[in-house]
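Before any comments, here is the structure.
Each reported figure results from applying straightforward, stated rules to the coordinates on display, with no laboratory input. Remember, it's a predicted structure, so these values are computed and weren't measured experimentally. We place every Cβ from the backbone using ideal geometry, glycine too, and count neighbours over all the protein chains shown.
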Amino acid sequence: MSIEFVEPLDQKKIIDMLISAYADEWIAAYYYTLTAYAIRGHVSEEISEHFLKEAEEEIEKHARMIADRLQDFNIDPPRDFRKLWEISGCKYPEIPEDPHDIDAWIIVAIKAEECAIKSYRDLYAYTHGRDPVTEELAEDIIRDEVRHRTNLINLLSKDGVRRLTGV
Ligand SMILES: [Fe+2]
Ligand SMILES: [Fe+2]
């Protein structure tokens, strides 16, 4: 029989992970909104719409789910807007120079989704079987972020896919 070491559940750690994810959602939403308004070119209108829809889901669904869960712990979301960058695990990405290089903007968003997927996987792994409410939140959001990532990849041109995969 093997004895498995299970790290005791640290509520402060869960709260910190939730707050960091909350900041990531706002930062991603800002980047997506900026992308919608910045990109130029003949396919930009359709892609802008997509980015605005995604930004909405990050704030109205994900950030809200996290804020609701934080309330269960009697914690408010960060009050100081300037702190969001500091708290964010994924940070604000480097912005592409050329507004006509839409693939570059999409690739940055794909990286943001991948970072989000990783942090929600960490949250899921930490809470798995020990905090079912947060575990379910993480599982639910991972599903959305994976869908976002796939949708973004589908918006890339053939050359964009090549740039993303490096092949
Ligand atoms: Fe999100
Ligand atoms: Fe997302």
Among the lysines in the chain, how many pairs, 8 or more places apart or on different chains, have alpha carbons under 30 Å apart? 28
Scanning the chain for helices, which whole DSSP H stretches are 27 Å or more long along the axis (Cα) and average -1.0 or more by Kyte-Doolittle? 11-38, 102-127, 132-155
Note down the net charge around A116, summing +1 for each Lys or Arg and -1 for each Asp or Glu among other residues with Cβ under 14 Å from its Cβ. -4
Under the definition of Cα pairs under 8 Å and six or more residues apart, what whole-number percent is the relative contact order of the chain? 26 percent
Projected area averaged over all directions for the convex hull of the alpha carbon atoms of the chain, nm², comes out at 11.7 nm²
Gained length - D68 relative to I95, 0.36 nm times residue gap less alpha-carbon distance: 6.6 nm
Could I have the simple spin-label model distance between I75 and H128, label points 7 Å from Cα toward Cβ, reported in nm to one decimal? 2.2 nm
Taking the Cα centre of the chain as origin, sum charge times position over the Cβ atoms of Lys and Arg (+1) and Asp and Glu (-1), and report the length of that vector in debye to the nearest 20. 280 debye
Integer Hz, Karplus 6.51/-1.76/1.60 couplings in order for the range 78-93, x for Gly and Pro: x, 7, 9, 4, 5, 7, 4, 4, 4, 6, 4, x, 8, 6, 7, x
Estimated 222 nm signal from helices in the chain, with DSSP H stretches of n ≥ 4 weighted -39500 (n - 2.57), rounded to 500: -22500 deg cm²/dmol
Within the range 126-167, find all residues whose amide N lies under 20 Å from a label point positioned 7 Å from the Cα of V43 along Cα-to-beta-carbon. 147-167
